[in-house]
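Student: Below is the structure I would like to discuss, written out as structure tokens.
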Amino acid sequence: MSKIKFETTNNNVGCFIYNDLKVIKQDQIDEIKNLLNKYGVLFFKNQNLSPREYINFSSNFGTPAEYPMLKPHKDFKDIYVIERKKTDTGKSFGEGPHTDSSYLESPPRFTFLQAIEVPEEGKGNTLFYNQFLAYEALPKAMKDKIENLKGIFSSQGKIAQTRELRMADHGTSGKKEIKSQHKLVQSIDGRKTIYCSPGHVVGINNLHSEQEELINFLSSHQIKKDFSFSFGWNKGDIALWSNRSMLHAATSFNGDRKMFRITIK
């Protein structure tokens, strides 16, 4: 049996994988899926996949999902280009903790991000926050409180402002608000996780007077240092994460960066 070469981050937020994805085998794919369910985010270092190879690898995890806010790559409809130029001003796309497209009725389960062009080392990192660990650290009273609550998520939540620059060049027509509700506590392989995207949550169903206080508490708790990891990109690196167990956030930087994103239903 071919083994996956991996090591966890220093606080178990995710793990690094060093196998060459060009020659990955099915039994290794199965092991990667198990690692993804366990750790929430995987970092594939020193890769050199073409767009077609990237799409083929991602297809092992499900069907590609459309992203309603941007147009796809002109040659590869499953890829969405996230690009920042050193002349750009304003916030980076996705700056602020969130989980992708939580405002959809069926949000994407997984997200892939591939580094095509990166700024100098130490710039353009992506922050990840493990929501298995965040849930486990909640007081029992809070776990009980949120167990059956549903969050209300909107495409016009506070993170929407980070899309404006990208949508000017690559956006779809119209800015109609999309809203959906999802349980704040979800389970993956028997482990519970907080599913609450600070960048999209606008309310909590059937909780009126306390909802702002609860949202503020969760939003602060979810991104504590104990649950976080800052990933520095090199050209060719790929990150894969579960949107049900991981928050992520772009960071502010000046420089040229181009990323290829694929989301999976």
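Laboratory data are not the source of any read-out in this text; all were calculated from the coordinates shown. Values in this document were obtained by computation on a predicted structure and should not be read as measured data. Neighbour counts are summed over all protein chains in view; Cβ atoms, including those assigned to glycine, are modelled from backbone coordinates with ideal geometry.
Student: Can you give the FRET efficiency to the nearest 0.05 for K235 and K158, using r as the Cβ-Cβ distance and R₀ = 35 Å? Don't skip to the end; give the middle numbers.
Tutor: Working: r = 31 Å, r/R0 = 0.89.
So the FRET efficiency works out to roughly 0.65.
Student: Convert each backbone phi in segment 195-201 into a coupling constant with the Karplus relation 6.51 cos²θ - 1.76 cosθ + 1.60 (shift: θ = phi - 60°), then list the ³J(HN,Hα) values in order as whole Hz, x for Gly and Pro.
Tutor: The phi angles translate into 10, 8, 8, x, x, 10, 5 Hz.
Student: Compute the length gained on full extension between I116 and D30: take 0.36 nm times their separation in residues and subtract their Cα-Cα distance, giving the result in nm to one decimal.
Tutor: Length gained, I116 through D30: 28.3 nm.
Student: If you build the convex hull over the alpha carbons only and average its shadow over all orientations, what do you get for segment 8-153? Give it in nm² to one decimal.
Tutor: Result: 11.4 nm².
Student: Residues with amide H under 5 Å of V202's amide H, sequence separation 5 or more or different chain, H placed in the peptide plane at 1.01 Å from N; which?
Tutor: I152, F153, S154
Student: In addition: Lys and Arg at +1, Asp and Glu at -1: add these up for the other residues within a Cβ distance under 14 Å of T193 and post the number.
Tutor: Residues near T193 contribute +4 overall.
Student: Given the Cα-Cα distance of S106 and K258 and 0.36 nm per residue of separation, how much length would full extension add, in nm?
Tutor: Stretched out fully, the S106 to K258 stretch lengthens by 52.0 nm.
Student: Can you give the extra length, in nm with one decimal, that the chain gains between E7 and S209 once fully stretched, where that is 0.36 nm per residue apart less the Cα-Cα distance?
Tutor: Taking E7 through S209 to full extension adds about 68.2 nm, to one decimal.
Student: Then there is this: Could you run the Karplus curve 6.51 cos²θ - 1.76 cosθ + 1.60 with θ = phi - 60° over segment 67-74 and give me ³J(HN,Hα) per residue in whole Hz, x for Gly and Pro?
Tutor: Coupling constants for segment 67-74: 9, x, 9, 10, 7, x, 3, 5 Hz.
Student: Let me ask something else about it. May I ask you to evaluate 6.51 cos²θ - 1.76 cosθ + 1.60, the Karplus curve with θ = phi - 60°, for each residue of segment 244-258 and list the ³J(HN,Hα) values in order in whole Hz, giving x for glycine and proline?
Tutor: Couplings: 8, 10, 9, 8, 9, 7, 6, 10, 6, 7, 10, x, 8, 8, 10 Hz.
Student: Please identify which residues in segment 103-119 have an amide N closer than 20 Å to a label point set 7 Å out from the Cα of T87, following the Cα→Cβ vector.
Tutor: 117-119
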